[in-house]
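Trainee: Mind looking over this structure? Questions follow.
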Amino acid sequence: MNRRKIVAGNWKMNTDLHEALSLASAIRDNSKSITGVEKIIFPPFTFLSALNEVTKDEKSLAIGGQNCSEHEKGAYTGETAASMLRSVGCEYVLVGHSERRTYFSETSAQLISKIKIALQNNLKIIFCFGEQLSERKSNKHFETVKLQLEEVLTSFPKEEILNLVLAYEPVWAIGTGETATPEQAQEMHAFIRKTLTGIFSKEIADQMPILYGGSCNAQNARDLFACPDVDGGLIGGASLKAEDFCIIMKSFS
Ligand code: PEP
């Protein structure tokens, strides 16, 4: 199956304006010749507008917000609306990252609202989910992931669902240097595709890109991306080095 290939970089709360501008420029310049892969960067909100100026002429390099509000607009001090992201050139938004679920107690109901509002504002969504270490150790990882998918995705009709990209990110692998093995990633991605077939259809499951995230780097990306159901990666730490991030983009066989 010839699915979209995607490499996305989540910068989290890193860089200042100067560093963000030079990182985005280096990624843009070094990735120009890399074809057949969609590239996305998720910088901090404050730099999006400036980085849009850097990336807007490079069609295969998109920018996105790391989060958006579950509300459309109004008296929500400190929040950022999906419409605001769109107005500064974002094509994407990350929803459901484990750091948002853990540190900001985001619930599935909130994630559904965020995705609905993002869709209304013509944003595409990278929806993140994945099990905790304790869930994997007690062999509950499939059950957990199925529930995370069903709780959110069943709120969306088939016609809208392909505006989402999925990112399986086992929490025990995020920022820890411990990566899922290609076997573990493939096993879970195949399970996710089976779950999508159950919720939607085989046709949708076959088309939906599923990214792996969790200590993916320039050394291990090739083995992970060689798995038939792994369609790319959501990259944290390694996306802060333009050279490594571009090696990852070139890691599809
Ligand atoms: C992430 O934050 O989505 C992530 C995968 O981080 P890291 O690559 O640093 O584990």
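Trainee: Report whether or not Ile248 is touching a helix residue (DSSP H, G or I) at 6+ places or on another chain (Cβ under 8 Å) and away from the ligand (no atom under 11 Å from the Cβ).
Mentor: no
Trainee: While we're on this one: Considering the stretch 165-187 alone, what residues qualify as being in contact with a helix residue (DSSP H, G or I) (Cβ under 7 Å, 6 or more places away or on another chain), closer than 18 Å to Cys128 by Cβ and more than 11 Å from the ligand (Cβ to nearest atom)?
Mentor: Within the stretch 165-187, Leu166, Ala185 meet the criteria.
Trainee: Please determine whether any residue of the stretch 224-240 is under 17 Å from the mean Cα position of the chain (by Cα), within 14 Å of the ligand (Cβ to nearest atom) and closer than 14 Å to Phe127 by Cβ.
Mentor: yes
Trainee: Looking at the stretch 109-121 only, could you name the residues that are out of contact with any Cys (no Cβ under 9 Å at 6 or more places or on another chain) and open to solvent by 10 Å² or more (accessible area, probe 1.4 Å)?
Mentor: Selection gives Ala109, Gln110, Ile112, Ser113, Lys116, Leu119, Gln120.
Trainee: Test each condition in (1) under 17 Å from the mean Cα position of the chain (by Cα); (2) surrounded by fewer than 18 Cβ atoms within 10 Å (Cβ to Cβ) for Ala221 and report the one that comes out false.
Mentor: Going through (1) under 17 Å from the mean Cα position of the chain (by Cα); (2) surrounded by fewer than 18 Cβ atoms within 10 Å (Cβ to Cβ) one by one, Ala221 breaks only (2).
Trainee: Go through the stretch 122-147 and report how many residues are open to solvent by less than 40 Å² (accessible area, probe 1.4 Å) and within 25 Å of Ala82 (Cβ to Cβ).
Mentor: Within the stretch 122-147, residues that are open to solvent by less than 40 Å² (accessible area, probe 1.4 Å) and within 25 Å of Ala82 (Cβ to Cβ) number 7.
Trainee: Could I ask something else about it? For the stretch 231-253, name all the residues that are charged (D, E, K, R) and open to solvent by 20 Å² or more (accessible area, probe 1.4 Å).
Mentor: Of everything in the stretch 231-253, those that are charged (D, E, K, R) and open to solvent by 20 Å² or more (accessible area, probe 1.4 Å) turn out to be Lys241, Glu243, Asp244, Lys250.
Trainee: Would you check which residues across the stretch 201-215 are within 12 Å of the ligand (Cβ to nearest atom) and either open to solvent by less than 10 Å² (accessible area, probe 1.4 Å) or touching a Cys at 6+ places or on another chain (Cβ under 8 Å) (or both) and list them?
Mentor: Scanning the stretch 201-215 gives Leu211, Tyr212, Gly213, Gly214.
Trainee: Let me ask something else about it. Tally time: how many residues in the stretch 1-10 are within 16 Å of the ligand (Cβ to nearest atom) and modelled with pLDDT under 95?
Mentor: Looking only at that region, the number is 0.
Trainee: When you go through Thr179, Thr154, Thr195 one by one, which is the residue that is open to solvent by 60 Å² or more (accessible area, probe 1.4 Å) and touching a residue at least 24 places away in the same chain (Cβ under 8 Å)?
Mentor: Thr154
Trainee: If Asn67 meets every condition in (1) part of a loop (DSSP other than H, G, I, E, B); (2) over 30 Å from Leu133 (Cβ atoms) apart from one, which number is that one?
Mentor: Status for Asn67: all satisfied but (2).
Trainee: Restricting the search to the stretch 11-25, which residues are open to solvent by 60 Å² or more (accessible area, probe 1.4 Å) and either within 14 Å of the ligand (Cβ to nearest atom) or aromatic (Phe, Trp, Tyr) (or both)?
Mentor: Scanning the stretch 11-25 gives Met13, Asn14.
Trainee: Of the conditions (1) at pLDDT 95 or above; (2) surrounded by fewer than 15 Cβ atoms within 10 Å (Cβ to Cβ); (3) within 26 Å of Gln66 (Cβ to Cβ); (4) within 16 Å of the ligand (Cβ to nearest atom), Glu160 fails just one. Which one is it?
Mentor: Only one criterion in (1) at pLDDT 95 or above; (2) surrounded by fewer than 15 Cβ atoms within 10 Å (Cβ to Cβ); (3) within 26 Å of Gln66 (Cβ to Cβ); (4) within 16 Å of the ligand (Cβ to nearest atom) is unmet by Glu160, namely (4).
Trainee: Next question, about the same structure. For the structure I just gave you, tell me whether Glu187 is without any contact (Cβ under 8 Å) to a residue 24 or more places away in the chain and farther than 29 Å from Ile117 by Cβ.
Mentor: For Glu187, the condition - without any contact (Cβ under 8 Å) to a residue 24 or more places away in the chain and farther than 29 Å from Ile117 by Cβ - is met.
The values are calculated or read from the model by the stated rules, or taken from the named source; none is laboratory data. Source: prediction; values computed, not measured. As a convention, Cβ positions derive from the backbone with ideal geometry for all residues, glycine included, and neighbour counts pool all protein chains shown. These area figures cover heavy atoms from the full protein model, side chains too; ligands, DNA and RNA do not enter into them. Shrake-Rupley method; radii C 1.70, N 1.55, O 1.52, S 1.80 Å.
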